[in-house]
Every structure is written in structure tokens, then in C-alpha cells.
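One structure is given below, encoded as C-alpha cells.
The values are calculated or read from the model by the stated rules, or taken from the named source; none is laboratory data. Keep in mind that what you see is a predicted model, and the values were worked out from it rather than measured. Virtual Cβ from ideal backbone geometry, glycine too; neighbours counted across all protein chains shown.
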Amino acid sequence: MEKLEEDGPLPSHLLEKKTFIQTEMLRLCEEEEAYWHKRSNMNWLLKGDLNTDYFHRVANGKKRKNHIFSLRQDDKIIESDENILQIATDYFKSLFGPSNSPICKMDPSCWSPEEKVSQEESEQLNSKFSEEEIKNVVFSMEKNTAPGPDHIPVEFFQTC
């Protein structure tokens, strides 16, 4: 049918047949996905949450996968959680923080006066955040996401 379609539009009966086949194929793929999802859940229900060896292997595997045990910095290996957190925080602060000496400088004549930030816009950009703005941001964050560097989850701030 695709070969025929390359030559020109398909007749209505073939177009309907093609649509039916594509719909059926999509349905079968969804059924297969549902089957494997149910099977994984059945495995968990049968062997999972009963303090079995299977449960502990799954739980420990997830912990090992999501945990940083050590970092290497200047031929030293850092292993304690506090030191790892400090090294990572310092690294990303230096990476994304302000630069001591800008590498490139732009010529101010690149922009016309209409394109530059006005004094009023500058004051607005440099103004402090209002309590309402902060509240809106905190409550728009997704629950059950990773905690910040202080290990406090989003739900804490939304509740308190």
C-alpha cells in the first residue's frame, strides 16, 4: 500500500484498510506494553514487599544506582557525604557562578538605544523578590522531586 501511495493518492477502500491496520498495530503495541507492565507488577506483588531476598536486592540496587559513594579530586578520593556535597556545591558554584574576569567583552555599540535595557527595566530586574513571587514559585514546583543541597524536599516548603 505504501508503494501505491508513493505513486499517488490511495483509493478510499485502501486508505480505510491502511488506517485500520495502523490502528490495529498501535492497539497491539499498547496491549504488549500493558502486559509487560502487569507482569512486572505481579512479580513485585508475589516476591516484592514481603521482606524477601528479592525485595532487598531491588531496594539495594536502587540505592546503589542513585548514590554517589566517592569522588576523585586532585588525586584524592573523597568519600564522606558531607565532603562530597561540599565538593559538588563548590564545583557547580564555580561553573555557573559569576566569573572573576570575563573572557569576552562586547562592544556597547552592538545595540541601538531602543534595544538596551532602560533605567526602569533595570530597576525592575534588580529589585528584590516579593513574598508572593516566592510563594508562587514554591507551590508551582513538582512534589516528590529531588531535594536541594540542604536535603529538604519541596513538600516541606509547600506545607510549612
Selection status of ILE103, in a strand (DSSP E or B) and over 30 Å from CYS160 (Cα atoms) = no
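Could you tell me how many of the residues in the range 113-160 are touching a helix residue (DSSP H, G or I) at 6+ places or on another chain (Cβ under 8 Å) and either surrounded by 11 or more Cβ atoms within 10 Å (Cβ to Cβ) or in a helix (DSSP H, G or I) (or both)? Quick ask: steps written out before the conclusion?
At the first step, the residues of the range 113-160 found to be touching a helix residue (DSSP H, G or I) at 6+ places or on another chain (Cβ under 8 Å) are 117, 138-139, 141-145, 147, 149, 154, 157-158.
Next cut, either surrounded by 11 or more Cβ atoms within 10 Å (Cβ to Cβ) or in a helix (DSSP H, G or I) (or both) only: 117, 138-139, 141, 147, 154, 157-158.
Count: 8.
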task = Enumerate the pairs (first residue in the range 119-146 and closer than 30 Å to LYS63 by Cα; second residue anywhere and among the aromatic types (Phe, Trp, Tyr)) with beta-carbon separation below 6 Å, excluding pairs fewer than 6 apart on the same chain, so at least 6 apart or on different chains.
result = VAL138/PHE157
query = Do we find that LYS105 is at pLDDT below 85, outside the structural domain of GLY148 (by TED's automatic domain parsing) and more than 27 Å from the chain's Cα centre (by Cα) in this structure?
reply = yes
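Here's the yes/no breakdown for (1) on the phi > 0 side of the Ramachandran plot; (2) surrounded by fewer than 11 Cβ atoms within 10 Å (Cβ to Cβ); (3) modelled with pLDDT of 85 or more; (4) not in a strand (DSSP E or B):
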position	(1), (2), (3), (4)
ASN41	no, no, no, yes
ASP49	no, no, no, yes
HIS56	no, yes, no, yes
ALA59	no, no, no, yes
LYS62	no, yes, no, yes
LYS65	no, yes, no, yes
GLU82	no, yes, yes, yes
LEU85	no, no, yes, yes
ALA88	no, no, yes, yes
remark   = Here the residues within the range 113-160 that are closer than 26 Å to ASN83 by Cα and among the β-branched types (Val, Ile, Thr) are THR145, ILE152, VAL154
